[in-house]
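Student: Would you mind keeping the following structure in view while I ask a few things?
The values are calculated or read from the model by the stated rules, or taken from the named source; none is laboratory data. None of the values given here were measured: they were computed from a predicted structure. Counting neighbours? That spans all protein chains shown, and the Cβs are built from the backbone with ideal geometry, glycine included. Note: areas computed on protein heavy atoms with side chains; ligands, DNA, RNA excluded. Shrake-Rupley method; radii C 1.70, N 1.55, O 1.52, S 1.80 Å.
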Amino acid sequence: MASTVLWVILENGVVRTMEPTLPVTRALAIAGNRIAGGVGTHETALASPDRVDLAGRCVLPGFNDAHVHFPTWALAQRQIRLEGTASLDEALERVAAAMREVPAGSWLRGLGWRAGDWSPPTEPTKEALDRVTGDTPTALTARDYHSLWLNSAALALANGDLEVEGGVVVRDEQGEPTGVLREECAWHFRDTHVRPTEDEMVEASREGVRIAIARGVTAVHDKDGWLGALGVWQRLREEGSLHLRVWQSMPAEQVDELADLHIRSGFGDDLVRIGYLKTFMDGTLGSQTARMLDGTGVQITSKEQLAEIIRRGVVAGLPVAVHAIGDLANREALDAFEETRAEWQPFGLRHRIEHAQVLAPEDVPRFGALGIAASVQFSHAPSDRDLADRFWAGKTEGAYAYRSLRNSGALLANGSDAPIEELDPWAGVCAGVLRTIDEREPWYPEQRVTLDEALQATTINPAWLARDDHRRGKLLPGYLADLVVLDRDPYELEPEQLPEVNVVATMLGGRWTHNPPPWEDRPG
């Protein structure tokens with residue numbers, strides 16, 4: 001349970017405001033849910049305030065995860081995890097071990113496999129899965145969430161109804177399904193046969209919120225609108241378990257219904273607001289369905305269809321967030337935004353492209369020129385490097401081009417894409433600065449961002465996308481007291497030391513949501 005603080009001064013530390021005109025203060029005064037002031041003279045502004053000795057710790061604006069599938073990630077904490085498996089056999093060993101815990105008549109659910117990581121190279125099949133799962137229906141989602149690996153018992157439930165436009169049913173030489181579905185086919189099967197209940201999502205998300213706030217998260221841009229996440233958030237808010245702010249996506253297919261109900265972007269309250277429409281141009285790197293200029297990949301939404309979604313979004317008062325991985329998908333998404341600019345620009349809609357993973361050089365400056373945010377995931381670059389070098393050989397100089405995008409004037413918003421990567425904003429910041437997550441040299445180090453830029457993308461810029469830039473993302477008088485306390489000042493460290501930084505405490509609207517003080521003295 002979060003503890004309430006009405007008047008408090010955080011002192012004797014380093015407060016990084018993220019405001020260039022006053023970047024650092026030694027103290028921070030908080031009144032109710034707002035910041036009252038910054039430096040010593042403000043300490044007298046509050047009657048009998050509580051005083052918190054930071055003991056040299058660092059205070060930053062709370063972290064915003066600009067791209068997370070929150071209920072899905074929360075559910076994944078309870079499922080079999082296949083990340084890091086080095087071979088098909090290792091993946092099957094984990095599945096076999098998990099089978100012991102599956103109640104009779106239940107599904108075995110899991111995620112995280114990526115066949116591109118397996119050695120020797122092997123594609124998953126239903127036959128391989130059948131050997132360890134038998135008659136227990138099994139659905140294993142790929143790490144990129146764009147492929148689904150099923151056993152024969154699960155496939156039988158579809159009764160042959162597998163094909164969906166915009167999707168792929170992988171088949172063997174005899175034309176029989178191998179057990180792997182991609183894109184719309186995977187999602188159709190999942191939604192029809194393996195969709196979690198709202199009760200399951202609420203229970204998992206309750207614990208997920210506790211994990212997120214322990215990592216300094218005060219706000220998320222959720223992508224699970226299609227899954228009914230709005231209902232999950234409302235239930236958590238009503239029971240008092242929601243300790244972060246939510247900018248919620250809605251499926252683009254619902255734009256007309258939202259318009260009929262006059263539900264515009266920003267509808268909601270201080271914790272939960274409807275934000276934007278979400279749609280997909282193409283697939284992913286891992287599933288080899290990203291739509292590329294060389295003609296490969298899968299088209300989910302055409303340029304013309306996206307332009308129509310944008311126009312309908314204008315009528316509804318909703319900006320659009322569009323998933324685009326490949327260089328052709330990104331180009332066509334930018335084309336659609338440019339074609340419709342005269343219609344949406346007067347309304348100030350803050351559109352975004354999600355991922356923007358591989359770009360043709362001539363398309364990089366179009367983000368800034370059009371005012372389209374690049375909603376990226378710094379952690380994807382070092383995590384995907386081996387697969388990108390393999391599948392996108394000769395194209396990786398234009399991949400995960402965060403420095404190029406920023407230099408060209410694009411607004412970068414950083415997210416995790418959890419559960420594809422872990423929901424851990426500080427790990428994402430480190431990935432953006434270091435461009436590596438292991439002992440290897442940085443991957444395309446010229447695309448690194450600075451610590452300050454990575455933090456802007458994790459604090460200020462997501463707040464701007466949520467039209468909250470007047471009250472969140474900085475530690476200034478009048479702003480909401482959403483903040484995170486770190487055990488040391490990252491600005492005083494060498495880049496290689498950044499992963500050593502730890503979250504000490506988190507505050508939302510003047511209330512400690514994670515680990516309220518007093519804290520033990522720092523070691524050393």
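Student: Starting from the Cα of LYS303, draw a straight line to each of the aspartates and glutamates and keep only those under 12 Å, dropping any in the same chain fewer than 8 residues away.
Tutor: ASP282, GLU332, ASP335, GLU338, GLU339
Student: Let me make sure I get this right: for segment 403-452, a, b and c are the square roots of the gyration tensor eigenvalues over alpha carbons, sorted descending. Under 1.5 in a/c it's rounded, otherwise prolate if a/b > b/c, else oblate. Which is it?
Tutor: In terms of gyration-tensor shape, oblate.
Student: Here's something else I'd like to know. Which value, in debye to the nearest 20, gives the size of the charge dipole of segment 119-234 about its Cα centre, when Lys and Arg are +1 and Asp and Glu are -1 at the Cβ?
Tutor: 540
Student: On C-alpha positions alone, give me the angle between the axis of helix 380-391 and the longest principal axis of the chain, in degrees, nearest 10.
Tutor: On a 0 to 90 degree scale, this one is about 30.
Student: Is the C-alpha gyration tensor of segment 199-295 telling us rounded, prolate or oblate? Criteria: a/c under 1.5 is rounded; beyond that, a/b larger than b/c is prolate, otherwise oblate.
Tutor: It is oblate, given that a/c is not under 1.5 and a/b is not larger than b/c.
Student: Right, here's the next one. Can you list the trypsin sites (Lys or Arg not before Pro) in segment 330-397 that are in a DSSP coil and have 15 or fewer other beta carbons within 10 angstrom?
Tutor: Listed in order of number, the matching sites amount to none.
Student: Hey, can you rank 455-465, 49-59 by average C-beta count inside 10 Å, highest first?
Tutor: 455-465, 49-59
Student: While we're on this one: Restricting to segment 185-306, compute how many DSSP beta bridges are antiparallel as a %, nearest 5.
Tutor: Working: 1 of 11 bridges.
Antiparallel bridges make up about 10 percent of those DSSP assigns within segment 185-306.
Student: Using only Cα atoms, find the angle between the long axis of helix 184-193 and the longest principal axis of the chain, and express it within 0 to 90 degrees, rounded to the nearest 10.
Tutor: Value to nearest ten degrees: 80.
Student: Counting only heavy atoms of the protein chains, get the accessible area per residue of the chain (1.4 Å probe) and round it to a whole Å² value. Write out the running numbers ahead of the final one.
Tutor: Details: 20560 Å² over 524 residues.
I get 39 Å² per residue for the chain.
Student: Indicate, rounded to the nearest 5 percent, the antiparallel portion of the DSSP beta bridges found entirely in the chain.
Tutor: 45
Student: Using a Förster radius of 25 Å, what is the FRET efficiency between ALA342 and GLU165 based on their Cβ-Cβ separation? Nearest 0.05, please.
Tutor: 0.25
Student: Loop only by DSSP, 15 or fewer other Cβ within 10 Å of the Cβ. Give me the trypsin sites (Lys or Arg not before Pro) in segment 58-128 that pass, ordered by residue number.
Tutor: ARG78, ARG100
Student: When the chain is fully extended, how far beyond the present Cα-Cα distance does GLN174 get from ALA104, taking 0.36 nm per residue of separation?
Tutor: 21.9 nm
Student: Pull up all non-local amide H partners of TRP512: gap of 5 or more, or a different chain, and H-to-H distance under 5 Å with H placed in the peptide plane.
Tutor: SER3, VAL5
Student: Same structure, new question: Once phi is turned into ³J(HN,Hα) by the Karplus curve 6.51 cos²θ - 1.76 cosθ + 1.60 with θ = phi - 60°, what whole-Hz value does each residue of segment 209-223 show in order, with x for glycine and proline?
Tutor: Listing the rounded values in order: 4, 4, 5, 4, 5, 5, 9, x, 7, 10, 7, 9, 9, 8, 10 Hz.
Student: Could you derive backbone 3J(HN,Hα) for segment 238-249 from the dihedral phi with the Karplus parameters 6.51, -1.76 and 1.60 (θ = phi - 60°), listing whole Hz in sequence and x where the residue is Gly or Pro?
Tutor: 5, 8, x, 9, 9, 10, 8, 9, 10, 10, 9, 7
Student: May I ask you to list the lysines whose Cα is less than 26 Å away from that of LYS474, ignoring any residue fewer than eight positions away on the same chain?
Tutor: Straight-distance partners of LYS474: LYS223.
Student: Here is a follow-up. Can you give the angle from 0 to 90° between the axis of helix 327-339 and the longest principal axis of the chain, with both taken from C-alpha atoms, to the nearest 10?
Tutor: That helix lies at roughly 60 degrees to the long axis.
Student: Further question: For segment 315-412, which whole percent of the accessible surface, found with a 1.4 angstrom probe, sits on carbon and sulfur atoms?
Tutor: 48
Student: Only helical DSSP H runs with n ≥ 4 go in: add -39500 (n - 2.57) per run for the chain, normalise by residue count and round the 222 nm mean residue ellipticity to 500 deg cm²/dmol.
Tutor: The helix contribution divided over the chain gives -8500 deg cm²/dmol.
Student: Okay, moving on. Out of the DSSP beta bridges found with both residues in segment 51-164, what percent are antiparallel (nearest 5)? Don't jump to the answer; show the numbers that get you there.
Tutor: Working: 3 of 10 bridges.
So the antiparallel bridges in segment 51-164 amount to around 30 percent.
Student: Not counting the cut sites, what is the longest span of the chain without GluC sites (Glu not before Pro) that DSSP labels loop and that have at most 14 other Cβ atoms within 10 Å?
Tutor: That gives 174-438 as the longest site-free run.
Student: For segment 86-127 and segment 178-208, what is the separation of their Cα centres, given in Å?
Tutor: 17
Student: Please list, in order along segment 134-142, the HN-Hα scalar couplings obtained from phi with the Karplus expression 6.51 cos²θ - 1.76 cosθ + 1.60 (θ = phi - 60°), rounded to whole Hz, x for Gly and Pro.
Tutor: x, 8, 7, x, 10, 10, 10, 7, 5
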